[in-house]
1. Out of the stretch 11-58, which trypsin sites (Lys or Arg not before Pro) are coil in DSSP terms and have no more than 11 other C-beta atoms within 10 Å?
2. Kirkwood-based Rg over Rh for the stretch 57-99 (C-alpha set), two decimals?
3. What distance in nm lies between label points placed 7 Å from Cα along the C-beta direction at residue 179 and residue 113?
4. So what is the calculated 222 nm ellipticity per residue for the chain, using -39500 (n - 2.57) for each DSSP H run with n of 4 or more, over all residues, to the nearest 500 deg cm²/dmol?
5. Farthest toward the dipole's positive end in the chain, which of 209, 193, 81, given Cβ charges of +1 (Lys, Arg) and -1 (Asp, Glu) about the Cα centre?
6. How big is D for the stretch 1-111, in µm² s⁻¹ as a whole number, if Stokes-Einstein is applied with the Kirkwood radius of its Cα pairs at 20 °C and 1.002 mPa s?
7. Which value, in Å² and to the nearest 10, is the accessible area of residue 16 when all protein chains are kept and the probe is 1.4 Å?
8. So for the pair residue 210, residue 14, with labels modelled 7 Å out along Cα→Cβ, what separation do we get in nm?
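The values are calculated or read from the model by the stated rules, or taken from the named source; none is laboratory data. Small disclaimer: the values here were computed from a predicted structure and weren't measured. Every residue, glycine among them, receives a Cβ derived from its backbone with ideal geometry; neighbour counts consider all protein chains shown. Areas reflect the complete protein model, heavy atoms only, side chains present, ligands, DNA and RNA absent. Shrake-Rupley method; radii C 1.70, N 1.55, O 1.52, S 1.80 Å.
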Amino acid sequence: MADQTHVLFVEDDDVIREATQLALERDGFAVTAMPDGLSGLEAFRARRPDIALLDVMVPGLDGVSLCRRIRDESTVPVIMLSARADSIDVVLGLEAGADDYVTKPFDGAVLVARIRAVLRRFGHAGGDRSEAGPAGADGAVLTFGELEVDTEGMEVRRAGRPVGLTPTEMRLLLEFSSAPGTVLSRDKLLERVWDYGWGGDTRVVDVHVQRLRAKIGQDRIETVRGFGYKLKA
């Protein structure tokens, strides 16, 4: 069906690839499954998916490198899959531009829940890629020093120059800018930005804050040790 969510799935293990593809298709997704990073990149360029699932350890072009290539061309959501809950794997994937990660072996229902959570915060509905702001965003252009946040146009400018943010980074900034000067805990950000009602890995928040700081200014978001982060008012 034309309105099916299209998933690009890159996994070199034949059993996992086929089983996961079948499970996702049973849940109504259209799936393009590829066994290596190079074919995955070709498939991505041939038909832009709604979301990409990338295993970290795939031949040809590893998942982290593939994520970087995708991020150079698109803000499509990316979930990394790792056989280990290894901090290096997790952080490398997130720093490359991934929005979330899932550790293998994973339960099919958990994977589908994470996919749907990512798609919800990216505003995917029948192909709609618009980004919804947090509660309280009123369409105003918010100004914090040289930083301007247009909450209606979903645009950010720093010293008058456009700043390119991924949808996840934009949602994170919207949460901060809706309550400047207020400390937001990592758990609260996981709940509001990542839709983790069941909890999650706070490293996801930390890496995204680092990425956001690199784009809007290192001193714009303060770390409040033991509590979380806040945007300078």
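1. Details: sites: 17, 26, 45, 47; in loops: 47.
Answer in residue order: 47.
2. 0.94
3. 2.4 nm
4. -12000 deg cm²/dmol
5. With unit charges placed on the Cβ atoms, the residue in question is 209.
6. Once the numbers are plugged in, D ends up at 157 µm²/s.
7. About 50 Å², ignoring ligands and nucleic acids.
8. 3.9 nm
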